[in-house]
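Before any comments, here is the structure.
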Amino acid sequence: MSTYAFSPEWEAERQRLACLDALWDRASRRALETAGVPRGAACLDVGAGDGSVARLLAELVGERGRVVALDRDVRFLDPAGLPSTVEVCERDLLTDGMPSGSFDLVHARMVLSHLPERDAVLDDLVSLLAPGGRILLSEFDAEGAGVVEPVPPDAAGRFQRVHDAVVAVLASKGGDSRWAHWMPAALASRGLTGIGAVVDGELVRGATPISTFYQHTFQRLREPMLATTPVTAELFDRVHAALDDPEFVALAAPLVSVWGQRPVEAITAGA
């Protein structure tokens, strides 16, 4: 059974994803454009969510390109709201295996860090790359420290305390909030070349879609957080309310995007 913390059955998950798009779609565009997405390319978007990155990929590859939007639950991927070049694929990589075919680009945003099986899944994703194809991974990089220290007196510090508790809950489910730090080495160890990276940071301002994303994320994990970390209901409620305050400001955990290319000659030699 999957240990993924953010199941789509939760009543506010679609809104949480929409707020996540508002937070990080601009960063995803920058990473994809920097890594390079050729016109006419075949792309796989793993963990496609509500399809925001799939739509972006369809724009970048053009009418002659192809985008497969893959998720284990596709309830938020309405084909009527997607470009005609996007194919929706419902598949759980942990139980159903990889899709058939090969791709010029494989993309996954905030997927592998949640999976205890991330190394094996990454092996499989790399195997899907066509000669010269690229893989691009984007993940938060969060320390997740300081949960047992005294509660900070300021609003930003209290926000960070609850954020750290979220990291602790995700770790108990097999997540690794620092995996982004190791992504370049993970790609290089699999024979990929041309390793590149961009790092993006955003402010969390109260009463914005970004703060709403954090409210939903915190609320989704409230019960295990209160049960397994030092965060109290009083602290949680105080932070949740502060995120409605237009004067609130804090720094989001950075999003790290790393890519690499599978060498043409290596695949040719092994074919």
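Of the residues screened, ALA27 is one that is in contact with a strand residue (DSSP E or B) (Cβ under 9 Å, 6 or more places away or on another chain), buried (at least 16 other Cβ atoms within 10 Å of the Cβ) and either at pLDDT 95 or above or in a helix (DSSP H, G or I) (or both).
Total residues in region 168-197 satisfying the condition of being open to solvent by 20 Å² or more (accessible area, probe 1.4 Å), in contact (Cβ under 8 Å) with a residue 12 or more places away in the chain and not in a loop (DSSP other than H, G, I, E, B): the figure is 11. Among the numbered criteria (1) at pLDDT 95 or above; (2) open to solvent by 30 Å² or more (accessible area, probe 1.4 Å); (3) charged (D, E, K, R), which single criterion is violated by ASP141? Failed condition: (1). Per the listing LEU105, LEU82, LEU136, the residue uniquely farther than 26 Å from ARG262 by Cβ and either open to solvent by 60 Å² or more (accessible area, probe 1.4 Å) or of a type in the set (A, V, I, L, M, F, W, C) (or both) is LEU82.
Scanning region 40-71 for residues that are within 16 Å of LEU20 (Cβ to Cβ) and part of a strand (DSSP E or B) returns ASP45, VAL46, ALA69, ASP71.
To keep it simple, each residue is scored yes or no on (1) closer than 30 Å to ILE135 by Cβ; (2) modelled with pLDDT of 95 or more; (3) open to solvent by less than 60 Å² (accessible area, probe 1.4 Å).
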position: THR217; (1), (2), (3): yes, yes, yes
position: GLU223; (1), (2), (3): no, yes, no
position: THR228; (1), (2), (3): no, yes, no
position: THR232; (1), (2), (3): no, yes, no
position: ALA250; (1), (2), (3): no, no, yes
position: ALA253; (1), (2), (3): yes, no, yes
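Would you say VAL74 is part of a loop (DSSP other than H, G, I, E, B), farther than 19 Å from TRP24 by Cβ and either touching a strand residue (DSSP E or B) at 6+ places or on another chain (Cβ under 6 Å) or open to solvent by less than 10 Å² (accessible area, probe 1.4 Å) (or both)? Criteria met by VAL74.
The set of residues from region 30-39 being outside any helix (DSSP H, G or I) and in contact with a helix residue (DSSP H, G or I) (Cβ under 7 Å, 6 or more places away or on another chain) comprises VAL37, ARG39.
The values are calculated or read from the model by the stated rules, or taken from the named source; none is laboratory data. Just so we're clear, the structure is a prediction, and the values are computed from it rather than from any experiment. Cβ sites come from the backbone with ideal geometry, for glycine too, and all protein chains shown count toward neighbours. Accessible surface is based on the protein model in full, side chains and every heavy atom, while ligands, DNA and RNA are left aside. Shrake-Rupley method; radii C 1.70, N 1.55, O 1.52, S 1.80 Å.
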